[in-house]
Amino acid sequence: VADHSWRITLMSMIAASAASSDDNNIDTNKCIQMALVHDLAEAAVGDITPHCGVTDQDKHQMELNAITKMTRTLMPFQSNCAATILHLWKEYEAGTTMEA
């Protein structure tokens, strides 16, 4: 897991920098942060692959429940960080921004 996380974070930094232009301003820092949190829920639910027989909807719900629990645990100590983690994870899952 650590190897994957490190590689995807490095790839995000390089790709965001390479893709950013005057017409397309990609937030490299946001890409790096998103890469760091994108698989965080898997720490609780495991790596669910298509071979597991879990629907995409069920997988998403399981991961959403896990990331919500994690960020709620962090909330009393670091509320801004917890909110940022949850927002980044949801944005990544939605895939609607250039950074995601």
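Assuming a ≥ b ≥ c are the square roots of the Cα gyration tensor eigenvalues, decide whether the range 54-100 counts as rounded (a/c under 1.5), prolate (otherwise, with a/b larger than b/c) or oblate.
On the way: a/c = 5.02, a/b = 1.31, b/c = 3.82.
Taking the square roots of the gyration eigenvalues as a ≥ b ≥ c, the range 54-100 is oblate.
Solvent-accessible area per residue for the chain at a 1.4 Å probe radius, Å²? Present the calculation step by step, with values, prior to reporting the outcome.
Values: 6820 Å² over 100 residues.
The answer is 68 Å² per residue.
Output ³J(HN,Hα) for the range 58-68: one whole-Hz value per residue in order, computed from phi by the Karplus curve 6.51 cos²θ - 1.76 cosθ + 1.60 with θ = phi - 60°, and x for Gly and Pro.
So the Karplus estimates, Gly and Pro as x, are 5, 4, 4, 5, 4, 5, 4, 4, 5, 5, 5 Hz.
Where does the Debye-calculated log10 I(q)/I(0) of the chain sit at q = 0.16, 0.18, 0.19, 0.24 Å⁻¹, using only Cα point scatterers of equal weight, no solvent?
-0.75, -0.91, -0.99, -1.29
Assuming R0 = 22 Å, what is the FRET efficiency of Thr96 and Met75, from their Cβ-Cβ distance, to the nearest 0.05?
Using R0 = 22 Å, I get an efficiency of 0.30.
How high is the FRET efficiency from Asn65 to Asp23, r the C-beta distance, R0 35 Å, rounded to 0.05?
Values: r = 39 Å, r/R0 = 1.11.
E between Asn65 and Asp23, to the nearest 0.05, is 0.35.
The values are calculated or read from the model by the stated rules, or taken from the named source; none is laboratory data. As the structure is a computational prediction, the values presented were derived from the model and not from experiment. Glycine gets a Cβ as well: all are built from the backbone with ideal geometry, and neighbour counts include every protein chain shown. What goes into the accessible areas is simple: the full protein's heavy atoms, side chains included, and nothing from ligands, DNA or RNA. Shrake-Rupley method; radii C 1.70, N 1.55, O 1.52, S 1.80 Å.
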